[in-house]
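**Q** Structure in structure tokens, see below.
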Amino acid sequence: MADDKLNRNTYLSQHLGDFPNTATFQGQAYSKVNDLRYGTNPHQTAAFYKPEGRNCVIGDMKILKTGKSGLSQTNLEDISYSLNIVKFFSSPACACMKHVNPCGAAVATPADSLLDVYLKARDCDPRAAFGSVIAFNCKVDACTAEEIMKTFVECVVAPDYAPEAVAIFTNPEAKLNKHVRILQCGDLSKLPKFTGDDIRGYQTFKVLADGCLVVADPLLTSLRSLADLHPASAESKTLGTVCSSVSATAAQLQDLLTAWYVNISVRSNGVVIVKNGGTLCVGTGEQDRVGAVEQAIDKFRQKYAGQESIDNAVMASDGFFPFPDGVEVAAKAGISAIIAPSGSLKDAEVITRANELGVALYHAPERVFSHH
């Protein structure tokens with residue numbers, strides 16, 4: 001093991017200097033923020049760049065406390081995806097991110113403190129949240145900081161911290177979480193969220209196996225508010241025009257919006273199940289839609305162990321249901337409201353089945369596959 005570590009460190013020290021201090025792409029100049037601890041894996045080198053001439057939410061974040069070593073590419077990606085969730089909410093929100101998928105996320109309901117929000121996000125999947133990146137969209141207070149320090153966390157990122165919270169995070173007597181990294185990001189309102197927002201400088205880049213590059217617009221949504229939630233409707237030659245005949249409650253409508261915003265940062269195929277402002281479970285990375293639903297429900301059954309009920313929870317699906325089976329599996333578990341995009345040849349059949357099962361079905365304005 002010692003020899004392996006020595007070889008890795010030697011390799012990194014020899015190759016980190018390979019990354020230039022500046023680079024230019026599509027006419028935009030980028031300057032290197034720093035060389036990273038490593039890339040996706042410890043034997044991969046990496047460097048972090050920001051566009052010149054622009055104040056960046058992540059690129060200009062302040063490091064209030066460093067860990068045992070610097071940030072890695074995996075840390076930065078989890079920071080980015082977690083902030084991409086909490087940016088949608090005006091109420092206090094939290095996302096726990098691991099391997100660029102949320103372990104859990106939550107937004108405050110009227111009676112919730114920030115500590116309540118954090119606990120809902122963390123305890124959606126506390127086993128997976130071990131070693132996660134935690135993001136907030138608001139100032140972190142002392143009570144929340146104390147709870148965070150009770151379990152191992154890689155990074156905490158937020159736009160602001162109470163002085164008492166910083167003191168807790170930086171306490172030299174801390175034992176369990178003494179290497180946690182505390183980061184202060186920029187103004188989240190600067191990040192694009194909705195279709196029509198200014199996306200200049202926010203294009204995404206994907207390098208293919210042969211070095212080719214795909215440049216794409218960022219994934220945004222047209223679902224701005226509850227007013228954009230519309231009951232599902234579709235036509236077919238055999239069934240005619242079919243509309244969802246079941247209505248969600250006011251609380252479920254809010255949860256549908258929450259589930260949709262979280263699902264934007266879930267790897268496709270993805271489904272997100274939410275109740276009372278917090279995720280109960282996340283199904284991600286499955287090759288078939290009903291498999292993602294089954295995965296999420298199985299996670300709930302394994303990890304909640306009777307502590308919470310899935311009855312009357314809501315679910316978001318990032319793609320349409322090609323068959324009614326996904327709705328059937330969800331309804332059997334107790335889910336009673338769903339949001340998903342339209343586009344299936346069997347949309348009318350899916351709506352008909354949802355009506356029969358007493359499930360409120362809403363059509364989202366677009367698909368939100370996150371194929372990261």
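**Q** Using beta carbons and a limit of 8 Å, which pairs, at least six apart or on different chains, have the first residue in the range 112-132 and farther than 12 Å from His99 by Cβ and the second one part of a loop (DSSP other than H, G, I, E, B) and acidic (Asp, Glu)?
**A** Leu114/Asp141; Leu115/Asp141; Lys120/Asp112
**Q** Could we say that Lys50 is surrounded by fewer than 18 Cβ atoms within 10 Å (Cβ to Cβ) and either touching a helix residue (DSSP H, G or I) at 6+ places or on another chain (Cβ under 6 Å) or among the aromatic types (Phe, Trp, Tyr) (or both) here? Talk me through it step by step, then tell me what you get.
**A** Values: surrounded by fewer than 18 Cβ atoms within 10 Å (Cβ to Cβ): yes; either touching a helix residue (DSSP H, G or I) at 6+ places or on another chain (Cβ under 6 Å) or among the aromatic types (Phe, Trp, Tyr) (or both): no.
So Lys50 does not fit the description; no.
**Q** If you don't mind, another one. Which ones in the range 192-203 are surrounded by 11 or more Cβ atoms within 10 Å (Cβ to Cβ) and farther than 18 Å from Asn263 by Cα?
**A** Passing the criteria: Asp197, Ile199, Gly201, Tyr202, Gln203.
**Q** While we're looking at this one, here's another question. Here is a list of conditions, (1) over 27 Å from Arg127 (Cβ atoms); (2) among the aromatic types (Phe, Trp, Tyr); (3) within 12 Å of the chain's Cα centre (by Cα), and Tyr30 meets all of them except one; can you say which number that is?
**A** Only one criterion is unmet by Tyr30, namely (3).
**Q** Pairs, please: C-beta under 7 Å, at least 6 apart or cross-chain, first residue under 20 Å from Gly201 (Cβ atoms) and in the range 10-33, second among the acidic types (Asp, Glu) and modelled with pLDDT of 90 or more?
**A** Filtered contacts from the range 10-33: Ala29/Glu52; Tyr30/Glu52; Ser31/Glu52.
**Q** Then there's this: So Thr144 ticks every box in (1) at pLDDT 95 or above; (2) more than 13 Å from the chain's Cα centre (by Cα); (3) part of a loop (DSSP other than H, G, I, E, B) but one. Which box is left unticked?
**A** (3)
**Q** Name, by its number, the condition in (1) polar (S, T, N, Q); (2) over 15 Å from the mean Cα position of the chain (by Cα); (3) under 20 Å from Gly39 (Cβ atoms) that does not hold for Asn55.
**A** Of (1) polar (S, T, N, Q); (2) over 15 Å from the mean Cα position of the chain (by Cα); (3) under 20 Å from Gly39 (Cβ atoms), only one is false for Asn55: (3).
The rows are residues; the columns are (1) touching a residue at least 60 places away in the same chain (Cβ under 8 Å); (2) acidic (Asp, Glu); (3) over 30 Å from Thr238 (Cα atoms); (4) touching a Ser or Thr at 6+ places or on another chain (Cβ under 8 Å).
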{"position": "Gly277", "(1), (2), (3), (4)": "yes, no, yes, yes"}
{"position": "Val293", "(1), (2), (3), (4)": "no, no, no, yes"}
{"position": "Asp347", "(1), (2), (3), (4)": "yes, yes, no, yes"}
{"position": "Ile351", "(1), (2), (3), (4)": "yes, no, no, yes"}
{"position": "Val359", "(1), (2), (3), (4)": "yes, no, no, yes"}
{"position": "Glu366", "(1), (2), (3), (4)": "yes, yes, no, yes"}
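**Q** Next question, about the same structure. In the set Thr10, Thr45, Thr66, which member is at pLDDT below 95 and touching a helix residue (DSSP H, G or I) at 6+ places or on another chain (Cβ under 7 Å)?
**A** Just a single option satisfies the conditions, and that option is Thr45.
For (1) farther than 20 Å from Asp60 by Cα; (2) of a type outside the set (D, E, K, R); (3) in the same structural domain as Arg122 (by TED's automatic domain parsing), each residue gets a yes or a no:
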| residue | (1), (2), (3) |
| --- | --- |
| Val156 | no, yes, yes |
| Ala174 | yes, yes, yes |
| Arg181 | no, no, yes |
| Gly196 | yes, yes, no |
| Tyr202 | no, yes, no |
| Val207 | yes, yes, no |
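**Q** Let me confirm something: among Ser189, Ser225, Ser247, Ser265, which residue is surrounded by 15 or more Cβ atoms within 10 Å (Cβ to Cβ) and hydroxyl-bearing (Ser, Thr, Tyr)?
**A** Matching residue, one of Ser189, Ser225, Ser247, Ser265: Ser265.
**Q** Let me ask something else. If only one of Gly285, Gly291, Gly240 is over 21 Å from Glu77 (Cβ atoms), at pLDDT below 95 and surrounded by fewer than 19 Cβ atoms within 10 Å (Cβ to Cβ), which one is it? First the steps, then the outcome.
**A** Numbers: Gly285 fails: over 21 Å from Glu77 (Cβ atoms); Gly240 fails: at pLDDT below 95.
Unique residue meeting the criteria: Gly291.
**Q** Now, a different point. Does at least one position in the range 243-256 carry a residue that is in a helix (DSSP H, G or I), farther than 18 Å from Phe321 by Cβ and in contact with a helix residue (DSSP H, G or I) (Cβ under 6 Å, 6 or more places away or on another chain)? Give the steps one after another, and end with the answer.
**A** The initial filter retains those residues of the range 243-256 that are in a helix (DSSP H, G or I), namely 250-256.
In the following step, the residues that additionally are farther than 18 Å from Phe321 by Cβ were identified as 250-255.
Those left that are additionally in contact with a helix residue (DSSP H, G or I) (Cβ under 6 Å, 6 or more places away or on another chain): 253.
Yes: the range 243-256 contains one or more residues that are in a helix (DSSP H, G or I), farther than 18 Å from Phe321 by Cβ and in contact with a helix residue (DSSP H, G or I) (Cβ under 6 Å, 6 or more places away or on another chain).
**Q** Related question: In the range 154-188, which residues are outside any loop (DSSP other than H, G, I, E, B), in contact with a strand residue (DSSP E or B) (Cβ under 8 Å, 6 or more places away or on another chain) and farther than 27 Å from Asn55 by Cβ? Walk me through how you get there before you give the answer.
**A** As a first pass, look at the range 154-188 and keep what is outside any loop (DSSP other than H, G, I, E, B): 154-158, 160-161, 163-169, 181-184, 188.
From what is left, the residues that are in contact with a strand residue (DSSP E or B) (Cβ under 8 Å, 6 or more places away or on another chain) are 154-158, 160-161, 165-166, 169, 181-184.
Those that are outside any loop (DSSP other than H, G, I, E, B), in contact with a strand residue (DSSP E or B) (Cβ under 8 Å, 6 or more places away or on another chain) and farther than 27 Å from Asn55 by Cβ: none in the range 154-188.
**Q** State which residue pairs qualify: first residue in the same structural domain as Asn137 (by TED's automatic domain parsing) and in a helix (DSSP H, G or I) and inside the range 78-103, second residue of a type in the set (A, V, I, L, M, F, W, C) and at pLDDT below 95 in any location, beta carbons under 6 Å apart, and separation of 6 or more residues or different chains.
**A** That search, which allows pairs on different chains as well, returns Tyr81/Val100.
**Q** Now for a different question. Restricting to strands (runs of 3 or more DSSP E) lying wholly in the range 278-372: which have 3 or more residues that are farther than 21 Å from Val242 by Cα? Spell out the reasoning first.
**A** Numbers: elements: 278-283, 314-317, 337-341, 360-364.
Answer list for the range 278-372: 278-283.
**Q** Same structure, new question: What are the residue pairs meeting all of these: first residue in the range 238-254, first residue closer than 9 Å to Ala360 by Cα, second residue loosely packed, with under 14 Cβ neighbours inside 10 Å, Cβ atoms under 8 Å, and 6 or more apart or on different chains?
**A** Val246/Gly358
**Q** For Val215, all conditions in the list (1) more than 30 Å from Pro110 (Cβ to Cβ); (2) assigned to a loop (DSSP other than H, G, I, E, B); (3) of a type outside the set (Gly, Ala, Ser); (4) under 24 Å from the mean Cα position of the chain (by Cα) hold save one; what is the number of the exception?
**A** (2)
**Q** Those residues that are in a loop (DSSP other than H, G, I, E, B) and among the charged types (D, E, K, R), I need them from the range 107-141; list them, please. Break it down stepwise before answering.
**A** Within the range 107-141, the subset in a loop (DSSP other than H, G, I, E, B) is 108-113, 124-131, 137-138, 141.
Passing the criteria: Asp112, Asp125, Arg127, Asp141.
The values are calculated or read from the model by the stated rules, or taken from the named source; none is laboratory data. The structure presented is a predicted model; accordingly, all values stated were derived computationally and were not measured. Virtual Cβ from ideal backbone geometry, glycine too; neighbours counted across all protein chains shown.
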